[in-house]
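Single-structure report; data block below.
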Amino acid sequence: MKPRYEKNVGVIDEQTMKILMNQTILVAGLGGLGGHVAEGLVRLGVSKILLVDVDRYETSNLNRQVFCDEAAIGQFKVDVVKERLKQINPELFVQGIKADVLSLESSIYAGVDVMVDALDDIPSKLQLESLADQHQKVLLHGAIGGWYGQVGVIEPGYHVLKTIYGDAKEGLEKTYLNPTFTPGIIAYIMLAEMVKYWMGDKHCVLNDVLWIDVHNHVYERFGLRGDNDGSR
Amino acid sequence: MVHVKCMHLLRSKYGIKELDVEASTVQDVLNALKKIYPTLDEQDFYQAVLFVNKQKISHNKRFNTPLTSGDEVVFTNFVGGG
């Protein structure tokens, strides 16, 4: 185990480390969730990351987006995040794609193992779930709004987002926006669930959704599969 | 008895977590909650997302959905930000 990962060894065994080091992960959206998730993936040891976002940093991102600072304002997010991730691990293979994640060439989706849903609106999240399904990829879902968040690991064929969102267009995020603390909390719970998935841990929120309420201290699986068992 | 759960905003606003009520429709659930929590604004529940036994109920007459003893009703809200 490389020294940079040795503090993970208590939880992440050698076999899981091998799995995650060989993953290619597409991070869709580099807002509040996506920046934290990308950083965490590198610190976990993932060695190939595709960052997809069309936006540039703006002043209103400073409250929560981990790679946004004064110098980054006006720069493309993918450029800034790519540079910062390389500072964490110079050996990282990281590609920045300034495009709509829903309209990439099929070969890009086909070449990844996991798609991370860090997108910021429900219709796009639903389309990403369809794309992941079409390409038989695992989707790591995260969503935030105000004090609240959702997380789940979704395998092809389960359509969890379609089930819970239906034809909804927006949620609480339109009213309660995104405070400083919620994105980081939800992003790191997403990473924990991804690690559990790679470990084959039965506690993974698999093909289900975890409701997280930072205001009332609620952390509860919805139980779409009935048995609340995350085993595969 | 029907098991009722309130999540997210409704829990924050009214402090309702989960409880059992006598009800034969979703509207009965709301009426029962209104008796227990007189300040409850029904609009908050009409605007919430409704699940009955883990199935999302989204049609216009969802509050007429029949219930039987042992059913679970969840009122919650989505988040879709990133």
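Annotations
- Theoretical gain in end-to-end length, residue A:58 to residue A:219 [0.36 nm per residue, Cα-Cα removed]: 54.8 nm
- Solvent exposure ordering (accessible area, 1.4 Å, most first) of B:78, A:93: A:93, B:78
- Beta bridges assigned by DSSP with both partners in region A:3-221 are antiparallel in approximately 45 percent of cases.
- Percentage relative contact order, chain A, counting C-alpha pairs under 8 Å, at least six apart: 19 percent
- Solvent-accessible surface (1.4 Å probe) assigned to residue B:14 amounts to roughly 30 Å².
- Most positive-pole-ward Cα, A:207, A:101, A:42, against dipole of region A:3-221 from beta carbon charges: A:42
- Sum of side-chain charges, residue B:10 neighbourhood, beta-carbon under 11 Å (Lys, Arg +1; Asp, Glu -1): +1
- Take the Kirkwood radius over Cα pairs of chain B, plug it into Stokes-Einstein at 10 °C and 1.306 mPa s, and you get 125 µm²/s for translational diffusion.
- Ellipsoid equivalent to region A:3-221 - semi-axes via the Cα gyration tensor, in Å: 22, 22, 19
- Computed from label points 7 Å out along Cα-Cβ, the spacing between residue B:69 and residue A:43 is 5.2 nm.
- The helix-based estimate of mean residue ellipticity at 222 nm for the protein assembly as shown, built from -39,500 (n - 2.57) per DSSP H run of four or more residues and divided by its residue count, is -9500 deg cm²/dmol to the nearest 500.
- Charges were assigned to the Cβ only: +1 to each Lys and Arg, -1 to each Asp and Glu. The resulting dipole of region A:3-221 about its Cα centre is roughly 340 debye.
- Span-like helix ranges in chain A, DSSP H, alpha carbon extent 27 angstrom or more, Kyte mean at least 0.0: A:181-199
- Counting lysine pairs in chain B whose alpha carbons fall under 16 angstrom apart, excluding pairs fewer than 8 residues apart on the same chain, gives 8.
The values are calculated or read from the model by the stated rules, or taken from the named source; none is laboratory data. This is a predicted model, so every value here is computed, not measured. Note that each Cβ is placed from the backbone with ideal geometry, even for glycine, and that neighbours are counted across all protein chains shown. The protein model used for the area step is the full one, side chains on, heavy atoms only, and it has no ligands, DNA or RNA in it. Shrake-Rupley method; radii C 1.70, N 1.55, O 1.52, S 1.80 Å.
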